[in-house]
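The values are calculated or read from the model by the stated rules, or taken from the named source; none is laboratory data. Owing to the predicted nature of the structure, the values given are computational and were not obtained by experimental measurement. FYI the Cβ positions are ideal-geometry reconstructions off the backbone, even for glycines, and counts take in every protein chain you see.
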Amino acid sequence: MTRPRVLLADDHQIMAEGLKGLLEPEFEVVDVVSDGRELVAAAKRHRLDVIVADISMPTLNGIEAAIQLRDAGVASKVIFLTMHRDVAYARRALEAGASGFVLKHSAPSDLVTAIREALRGQTYVSPMIAGELLESYRESSPGKQDEASRLTRRQREVLQLLAEGCSAKEVAAILKISPRTAEFHRARILSALGIQTTAELVQYAIRHEIISL
Amino acid sequence: MSPRNEATKDNTRRLPGAIRLAVRVLAVGVICHVSTEIGFANKLPPHNISALWPTGAILLSVLVATPVRHWWAYTVAAYFTSVMNDARAGFPVAAILFVVAGVFEIWIAAVGVRRFAGGLRAFDNPRNLIAFITVAVILGPFLSAFVAAFAGTTQNYWFYWRVWFLSEAVAFLTLAPAILTCIGVAYTAPRVVFVPRLVEICLIVCLLIAICARVFNWPSAGDGSVPALVYLPLPLLLWAAMRFGPLGVNISLLIVAIMSISGAVQGRGPFAGASSADHVVSLQLFLIAMSTPLMFLAALIAEGRLKAIGLSESEARFRSMADTAPVMIWMSDATKRCIYFNKPWLDFTGRAIAQELGDGWAEGIHPDDRERCMTEYVTAFDARRHFGMEYRLRRRDGEYRWILDCGNPRSAPDGTFVGYIGSCIDIAERKQAEVQLRASHEQQRDLASRLLRAQEEERRRLAREMHDDLTQRLAVMAIDVGRLELQPSLSGTVTESLRRTRDQLVTLSEDVHDLSRQLHPSILDDLGLVDALRSECDRFSQRETIAVSYQADTVPAGLPRDSALCLYLIAQEALRNVARHAETDRVEVTLTGCEADVLLTVSDEGKGFDLGAARSHHGLGLVSMEERARLIGAEVSIQSHPGKGTTVSVLSPLRGRES
């Protein structure tokens with residue numbers, strides 16, 4: 001039975017060596033690269049099953065490299081291995097098509113598990129962060145938002161003043177912001193609501209009971 | 001001539017008081033004796049009416065010009081002849097009445113003229129003249145006539161009343177003014193007399209005498225005499241009024257009066273054949289009608305002349321003040337053209353007044369300032385507004401100096417706009433200090449920004465070092481320990497202690513990672529501002545248990561690294577403020593992009609604060625927010641009211657700082 005072919009990408013040499021030692025018994029480490037561009041080149045050159053990549057790397061970070069590979073049609077699974085115990089990284093990694101997100105210090109057990117899962121077509125996230133990740137997806141799940149709540153509190157304030165007939169300048173004076181900022185809010189509100197004119201804006205405000213007649 | 005010399009000379013010239021008074025009284029006595037004789041001699045038949053009683057007018061003039069305490073002496077002297085005559089006649093009642101009425105009348109008039117008509121200045125302006133005519137010409141004769149009229153028979157009371165009134169009035173209207181003005185002129189006249197004026201006076205007097213001789217003293221042509229001839233002296237009287245004022249008119253009128261009366265007495269001229277009292281009356285009325293308007297004319301002229309003298313004096317005062325003032329002064333007329341520059345201005349520019357007048361002065365303005373300057377001047381001028389402008393003006397040595405020029409509209413006493421008056425001072429030193437100050441401010445800001453950048457760079461380097469080296473090494477150690485842990489040959493206790501070691505390594509590694517993140521958020525470099533802020537919000541909400549609603553909308557890629565870091569740090573600072581001061585459990589963070597700008601807002605509905613007070617208090621870091629924002633060309637606005645929450649907005653241009 002041939003061992004799965006793995007590429008390691010980490011700009012820290014001792015880490016790369018450690019990982020290589022960790023993986024060798026079970027996987028064939030085809031190559032070790034130390035930056036994002038090399039990663040892209042190597043992944044295209046070798047036929048790989050799994051790529052284990054750090055996120056923070058010089059020239060091109062791991063996530064960008066993964067996106068480039070996906071766009072180039074490279075089908076290898078990507079597992080990110082990072083120091084960043086941060087949901088933002090994890091989300092970004094998964095959005096880039098990663099099959100795993102593993103924190104470096106839980107590497108020995110988690111990394112091997114992640115590679116195995118990836119090979120089976122599953123996605124693996126280090127348990128230390130999985131909970132937070134789920135939570136963050138739940139919070140930002142769309143659906144409950146109606147149109148008006150697409151606006152921020154400040155935008156609703158501006159909308160009300162505009163609908164009441166204030167000019168951007170007057171809005172700026174009332175809210176003690178610069179005229180440029182007020183103008184900015186106005187433009188954002190119009191584009192967020194998909195409307196063009198102040199008249200439509202007034203109609204919108206009445207319909208949503210932001211102002212009353 | 002020294003004052004001392006003058007005093008000595010004065011003393012030698014002046015006789016002791018009593019003697020001087022005696023001499024004067026004697027002189028008045030002699031004059032009055034003569035005048036009384038003339039008066040008696042010039043009575044007109046058939047009632048022996050005097051058209052003009054001279055003694056009263058002479059005494060009045062003397063009293064007006066002398067101290068009240070000497071009046072009794074002059075009065076006695078003046079009436080000496082009359083009383084002597086009366087004594088020879090055995091003091092008839094009529095004579096005594098005349099003396100009493102005369103003294104009564106003259107004292108009233110004298111007091112009135114001194115009190116209300118300005119004394120010797122009674123003819124210098126219309127107001128004084130009216131007062132003179134009222135008290136001396138009308139009131140005195142009017143009242144005394146009631147006493148004097150008793151001298152006549154009862155059935156002729158009003159006739160005598162009229163005779164007395166008119167002859168006294170005419171005397172006070174013609175003779176008294178002439179004497180008073182002569183006395184007045186003697187006090188004030190310049191010592192030097194211009195020959196041409198002297199010639200002119202003589203010419204007027206001679207012509208007047210000649211004309212009066214023709215009109216009043218020509219042998220009567222009977223019914224063929226032309227009454228209109230009496231107007232012949234008028235042009236000469238006007239001439240005298242225009243050229244010599246009250247003095248000219250009063251003397252000329254006296255000449256006319258004397259000539260006309262003497263003509264009438266001798267039975268010549270238009271008032272000849274004075275067989276009835278009516279002719280005397282018509283002569284008197286002629287003199288009154290002739291005198292009054294001409295005296296008014298002269299008074300008006302005198303008043304105008306005095307005012308003109310006053311004006312030219314104030315003008316001279318202004319000039320001397322302006323020329324010695326330590327500032328440059330200019331004046332313009334209502335057409336914006338300059339009509340005056342004071343000496344300091346001319347000394348400064350080193351140019352002649354003729355070169356500066358009109359718009360010439362503008363040539364001295366620095367070419368770069370000229371247009372702005374003229375626009376400002378014209379704009380202010382058209383609005384009749386005060387202006388203050390700064391420009392460079394060429395000094396006589398060719399150096400352009402900064403001056404401050406302040407102009408004010410000026411108006412005539414009746415309120416009409418007549419132009420501007422302005423003053424300028426050299427502010428070159430101040431200007432230079434300003435420039436230096438601004439440069440040093442700029443330097444300071446530059447230094448501050450470089451310091452801030454250097455600090456960021458250093459923190460970034462340190463963070464990178466910690467993250468790339470320390471944490472990685474710790475992670476390798478953790479991995480190694482983990483691998484050991486997986487060895488099946490180890491006993492349970494060893495595995496357990498290995499696990500604890502690994503946990504400690506993980507904690508240590510995470511602590512270092514956090515420290516690194518505090519030094520510099522490398523997440524910004526890795527994931528960009530949107531995710532970095534989201535992560536920061538999550539962490540904040542976990543740490544502080546304050547719900548953060550984070551919305552990022554259409555934020556364009558390619559926000560400069562400096563700007564991203566700045567927005568991130570400001571958001572962090574604002575969130576920290578919320579946690580510390582707002583006392584709320586929710587905060588809203590938004591990041592919104594537009595074509596050219598990115599807007600960050602952090603707003604809460606907490607307790608807010610007073611912005612003015614907060615600015616001076618460093619805890620809130622408002623100043624550092626603003627300073628940071630300035631570095632990337634962003635503007636920070638902070639809106640907060642006690643009880644109404646706080647909103648921090650930062651609008652940052654996508655292109656970074658434009659300088």
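The residues in region A:106-116 that are within 11 Å of another protein chain (Cβ to nearest Cβ), buried (at least 19 other Cβ atoms within 10 Å of the Cβ) and of a type in the set (G, A, S) can be counted, and the count is 2. Helices (runs of 4 or more DSSP H) fully within region B:290-390 that include at least 2 residues being surrounded by 11 or more Cβ atoms within 10 Å (Cβ to Cβ) and within 23 Å of the chain's Cα centre (by Cα): B:343-349, B:367-383. Could you list all residues from region B:622-649 that are of a type in the set (S, T, Y) and either in a strand (DSSP E or B) or within 13 Å of another protein chain (Cβ to nearest Cβ) (or both)? Selection gives B:S637, B:S640, B:T646, B:T647, B:S649. If only one of A:L103, A:L119 is at the interface with chain B (Cβ under 9 Å from one of its Cβ atoms), modelled with pLDDT of 85 or more and farther than 30 Å from B:T601 by Cβ, which one is it? The unique qualifying residue is A:L103. Within region B:230-253, not a single residue is at pLDDT below 80 and of a type outside the set (V, I, T). When B:A272, B:A189 are checked against the criterion of being in the same structural domain as B:L129 (by TED's automatic domain parsing), at pLDDT below 75 and under 23 Å from B:N128 (Cα atoms), B:A189 stands alone in meeting it. Pairs are defined by a Cβ separation below 7 Å, a sequence spacing of at least 6 or placement on different chains, a first member in region B:615-640 that is closer than 18 Å to B:V578 by Cβ and surrounded by 15 or more Cβ atoms within 10 Å (Cβ to Cβ), and a second member that is of a type in the set (A, V, I, L, M, F, W, C) and at pLDDT below 80; the pairs so defined are B:L620/B:A614; B:L622/B:A614; B:I638/B:L611; B:I638/B:L622; B:S640/B:F609; B:S640/B:L611. Could you check how many residues of region B:512-527 are more than 21 Å from A:H105 (Cα to Cα) and either more than 9 Å from chain A (Cβ to nearest Cβ) or of a type in the set (V, I, T) (or both)? Qualifying residue count, region B:512-527: 3.
Taking the criterion of being over 14 Å from B:T601 (Cβ atoms) and either of a type in the set (S, T, Y) or free of Cβ contacts under 8 Å to residues at least 40 places away in the same chain (or both), the only residue of region A:150-161 that qualifies is A:L161.
For region B:555-576, name all the residues that are touching a Phe, Trp or Tyr at 6+ places or on another chain (Cβ under 9 Å) and farther than 20 Å from A:Q155 by Cα. Of everything in region B:555-576, those that are touching a Phe, Trp or Tyr at 6+ places or on another chain (Cβ under 9 Å) and farther than 20 Å from A:Q155 by Cα turn out to be B:Q572, B:R576.
For B:S516, the stated conditions do not hold, so it cannot be described as closer than 13 Å to A:T82 by Cα, part of a helix (DSSP H, G or I), hydroxyl-bearing (S, T, Y) and without any contact (Cβ under 8 Å) to a residue 60 or more places away in the chain. Restricting attention to region A:175-213, the residues that are surrounded by 14 or more Cβ atoms within 10 Å (Cβ to Cβ) and within 14 Å of chain B (Cβ to nearest Cβ) total 19. Against the condition in a helix (DSSP H, G or I) and acidic (D, E), how does B:D405 come out, does it pass? No, not satisfied.
Among the residues of this structure, B:R430 does not count as one that is closer than 20 Å to A:R85 by Cα, among the basic types (K, R) and in a helix (DSSP H, G or I). Is there a residue in region B:327-339 that is farther than 20 Å from B:F387 by Cα, of a type outside the set (A, V, I, L, M, F, W, C), at pLDDT 85 or above and not assigned by TED's automatic domain parsing to the domain that holds B:V137? No: zero hits. Here is the figure for region A:17-68: residues that are facing chain B (nearest Cβ under 10 Å), small (G, A, S) and under 19 Å from the mean Cα position of the chain (by Cα) total 2.
Looking across region A:78-99, the residues that are in contact with an Asp or Glu (Cβ under 7 Å, 6 or more places away or on another chain) and outside any helix (DSSP H, G or I) come down to A:L81, A:T82, A:R85.
For region B:397-410, the condition of being on the phi > 0 side of the Ramachandran plot and free of Cβ contacts under 8 Å to residues at least 40 places away in the same chain holds for at least one residue. Of everything listed in (1) part of a helix (DSSP H, G or I); (2) within 12 Å of another protein chain (Cβ to nearest Cβ); (3) exposed (fewer than 13 other Cβ atoms within 10 Å of the Cβ), the single unmet condition for B:T493 is (2).
Summed over region A:133-151, residues that are at pLDDT 75 or above and within 12 Å of chain B (Cβ to nearest Cβ) total 3. Quick one: would you say B:A463 is more than 8 Å from every other protein chain (Cβ to nearest Cβ), surrounded by 15 or more Cβ atoms within 10 Å (Cβ to Cβ) and without any contact (Cβ under 8 Å) to a residue 60 or more places away in the chain? Yes. The one condition from (1) within 11 Å of another protein chain (Cβ to nearest Cβ); (2) surrounded by 17 or more Cβ atoms within 10 Å (Cβ to Cβ); (3) under 30 Å from B:S449 (Cβ atoms) that B:S509 does not meet is (3).
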